[in-house]
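The values are calculated or read from the model by the stated rules, or taken from the named source; none is laboratory data. Predicted model only: the values in this text are computed from it and were never measured. Cβ placement follows ideal geometry from the backbone for every residue including glycine, while neighbour counts extend to all protein chains displayed.
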Amino acid sequence: MTTATANTRNMTPPPEPPPTAAIRTENLRKTYKSSRGDVEAVRGIDLDIPQGEFFGLLGPNGAGKSTTIGMLTTLVHPTGGRAWVAGHDVTRKPVAVKRRIGVVTQNNTLDMQLTVAENLEFRSRFFGLSKAVAAKRAAQLIDAFGLGDRKNAMADQLSGGQARRLMIARALVHQPDVLFLDEPTAGLDPQTRVNLWDILQVLHAEGQTILLTTHYMEEAEALCDRIAVVDHGKILAEGSLDDLLADAGAETIVTVRYEEPVPDGLAELAELADRPGVTKVEADGDQLRVFSGDPEGLLGDLMNIGAANGLHVRDATQAKPSLETAFLALTGREYRE
Amino acid sequence: MAITTQPAGIGAASGDGAQVASSIARLITDAPVPQPTLLKTFGAMMAREFRVLGRNAPSTFIRAVMQPLLFAFVFAYVLPKIGSGFGTAGAGAAASGLTFSTILVPGLMGSMFLMQGMFGTTMPLVMEFSWQRTIEDRALAPVPIRVLAIQKITAGAIQAFIGAAIVFPVVYFVHAPGQGPHIDVTSWFLLAAVMVFSSTLTASMGLWLGTVVDPRKMQMVFAVVLLPLTMLGCVYYPWSALHVIRWLQILVLINPMVYMTEGLRAALTPSIGHMPLWAIMLALVGGTAVFGYLGVRTFRNRVVN
């Protein structure tokens, strides 16, 4: 009910997005009402994804990624903001949107009462292909996705990797303008995951627009042109991997953990912060953390500082620049998968 | 429909990988252009239902035939043979010298509508809304969600119709000598109308129940809903015979099944008294509209949250 009022109250509708944008959102929000208080799953997300881009929403579980995908694929009603997919408003023209998108949900939504081939054939027919064309399209997909020897198996007899491949094949039957993949490799073994990455990279090379959510940093790093780091329903940073690393000042992070809590206001730390290349020095509980483009010798210095102040080293790590260090720099939190 | 065609060709790959890559690439460069219409999508969804029904035909058939078979066997064969005669149970029948099977045919059909229509609609829904939410597959088809709901009602109604029609041959063949039903179809049109709207009514009720009830409580709902509806649905006695228990006769008017069994009595066994036709049709058509509306609404709220 609140959705309707929120939308109709929008007195001056924003201009239609340029037709080139595959996905565009403006301050997209979703609040779930519940008796134990409202849950703000998505708190104002702005996206502008051009056609042909491989875009990643990266964030820990519960960050609001699936809710965002749900809104973009018309299955979740936004409680605020607007969204267009393939040029159509998701709340006002859901059928037009559904015609132009392929969706691979996180859960296995294959039709368990049908065979592999039938899953593809009927999905093709749902999208208006004739019986004969649907059968041809299904055969083509089965061949491309290496499901030939399973084509007459019931969908519930597939392994996790096979099921995931079939779901991607099924999402492609009608050549969607945008392909949505919600955690496509969650729960798959490493080999299967890499195989899926290969498939997605070929699709991308052919110009397929893809929006992928993942909580695996290396997946976003390996696949995406651009990445939005999401947590608690908001985008924390957005850009290419290089941009993100640069923006976050994500240099190498040297961390030393001591047996004792680090006392406040150590004089040596201020000295350390003035050193060339060092951008940030943090004392956090029992840890000292230094962000630097030139980590040479920092580890030894941190140990010496500890020793000079009566601290005993428990362990020490040196993390190279990566999305993980970027996330840490952005949020001040360790990335939780 | 804006379908952009991308240039073909995937450069550097070689060997097996290249083959896979090029066949994946062809999925995009060599794709049919979909032209979905509401009718095509609806038709394809119905075709999917029939494929599944056909595959499960043996179990569907057994489920549909067991109840009428056992009922007919016990009530039209065993009990007449034993000689209890049911003169007391079927008061209306005894008075007019009818066999109990004559009363039972409409009653049995009514209970089949309920069983098949609700099972055929509710049980698949419960599965589709369970933790994997396979309903999302169909919900992404290019039609409004309410069309999907109406498709569910249609599929359930067809199952209910077939389930009820099975009663005819069963009761015709399974009875003691002289205990066969006296069926006298006054109007095929009336019979068709009653059967069609009984089917849509039970399927609509099934859709509504399947979307409002917590799946874990479904067993309880069947006990609380299905059983009383059947037992107090004028299956074993015509509604007019209830006049001796006036409060019950009025109370059962809230039971949709009463109108199905009475409608069938009007169409099949007019020799037994039945309630006025206008009341019957009003309840069947109006009930379909009301439960259909409620069911489609709750269905949509469950699919899109």
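Take region B:103-131 and flag every residue that is of a type in the set (S, T, Y) and either at pLDDT below 80 or over 26 Å from B:V258 (Cβ atoms) (or both).
Within region B:103-131, just B:S130 meets the criteria.
Just checking: which of the helices (runs of 4 or more DSSP H) contained wholly in region B:107-202 hold 3 or more residues that are within 14 Å of chain A (Cβ to nearest Cβ)?
Hits in region B:107-202: B:135-139, B:145-165.
Among the residues of region B:255-305 satisfying the criterion of being away from chain A (no Cβ under 14 Å) and among the charged types (D, E, K, R), which is farthest from the chain's Cα centre (by Cα)?
So the residue we want is B:R265.
Out of region A:142-159, which residues are part of a helix (DSSP H, G or I) and either more than 7 Å from chain B (Cβ to nearest Cβ) or over 31 Å from the mean Cα position of the chain (by Cα) (or both)?
Within region A:142-159, A:I142, A:G148, A:D149, A:R150, A:A155, A:D156, A:Q157 meet the criteria.
Any residue that is surrounded by fewer than 22 Cβ atoms within 10 Å (Cβ to Cβ), in a loop (DSSP other than H, G, I, E, B), of a type outside the set (F, W, Y) and more than 9 Å from chain B (Cβ to nearest Cβ) - is there at least one of those in region A:174-182?
no
Looking for whichever is in contact with a Lys or Arg (Cβ under 8 Å, 6 or more places away or on another chain) and on the phi > 0 side of the Ramachandran plot here; the options are A:G277, A:G285, A:G265, A:G239. Which one fits?
Unique residue meeting the criteria: A:G239.
Find the residue count for region A:185-219, including only residues that are closer than 13 Å to A:L172 by Cβ and among the β-branched types (V, I, T).
Counting residues in region A:185-219 that are closer than 13 Å to A:L172 by Cβ and among the β-branched types (V, I, T) gives 4.
Would you check which residues across region A:260-293 are part of a loop (DSSP other than H, G, I, E, B) and either of a type in the set (S, T, Y) or more than 20 Å from A:S322 (Cβ to Cβ) (or both) and list them?
A:E260, A:P261, A:V262, A:P263, A:D264, A:G265, A:L266, A:D274, A:R275, A:P276, A:G285, A:D286
Residue check, A:Q162 against (1) at pLDDT 90 or above; (2) part of a loop (DSSP other than H, G, I, E, B), all met but one. Which one?
All conditions pass for A:Q162, except number (2).
Among the residues of region A:294-313, is any in a strand (DSSP E or B) and either modelled with pLDDT of 85 or more or loosely packed, with under 14 Cβ neighbours inside 10 Å (or both)?
Within region A:294-313 (the criterion being in a strand (DSSP E or B) and either modelled with pLDDT of 85 or more or loosely packed, with under 14 Cβ neighbours inside 10 Å (or both)), the answer is yes, since at least one residue qualifies.
I'd like the full set of residues that are of a type in the set (V, I, T), out of contact with any Phe, Trp or Tyr (no Cβ under 7 Å at 6 or more places or on another chain) and surrounded by 24 or more Cβ atoms within 10 Å (Cβ to Cβ), limited to region A:91-103.
Hit for region A:91-103 is A:V97, nothing else.
May I ask you to verify whether A:G59 is under 26 Å from A:L241 (Cβ atoms), assigned by TED's automatic domain parsing to the domain that holds A:R29 and under 21 Å from the mean Cα position of the chain (by Cα)?
Considered against the rule, which asks whether it is under 26 Å from A:L241 (Cβ atoms), assigned by TED's automatic domain parsing to the domain that holds A:R29 and under 21 Å from the mean Cα position of the chain (by Cα), A:G59 comes out as yes.
Residue pairs, Cβ under 6 Å, 6 or more apart or interchain, first in region A:103-124 and charged (D, E, K, R), second in a loop (DSSP other than H, G, I, E, B). List them.
A:R123/A:V173
Would you pick out the residues in region B:27-53 that are over 30 Å from B:M123 (Cα atoms) and more than 7 Å from chain A (Cβ to nearest Cβ)?
B:D30, B:V33
Take the residues in region A:69-83 that are more than 14 Å from A:F180 (Cα to Cα) and hydrophobic (A, V, I, L, M, F, W, C), then tell me which one is surrounded by the fewest Cβ atoms within 10 Å (Cβ to Cβ).
A:V76
Can we say B:A160 is without any contact (Cβ under 8 Å) to a residue 40 or more places away in the chain and within 16 Å of the chain's Cα centre (by Cα)?
Judged against the criteria, B:A160 is not a match.
Can you tell me which of A:G59, A:G44 is more than 13 Å from chain B (Cβ to nearest Cβ), touching a helix residue (DSSP H, G or I) at 6+ places or on another chain (Cβ under 6 Å) and at pLDDT below 95?
It is A:G59.
Listed residues B:T154, B:T134; which is modelled with pLDDT under 90 and hydroxyl-bearing (S, T, Y)?
Being modelled with pLDDT under 90 and hydroxyl-bearing (S, T, Y) holds for just one of B:T154, B:T134, which is B:T134.
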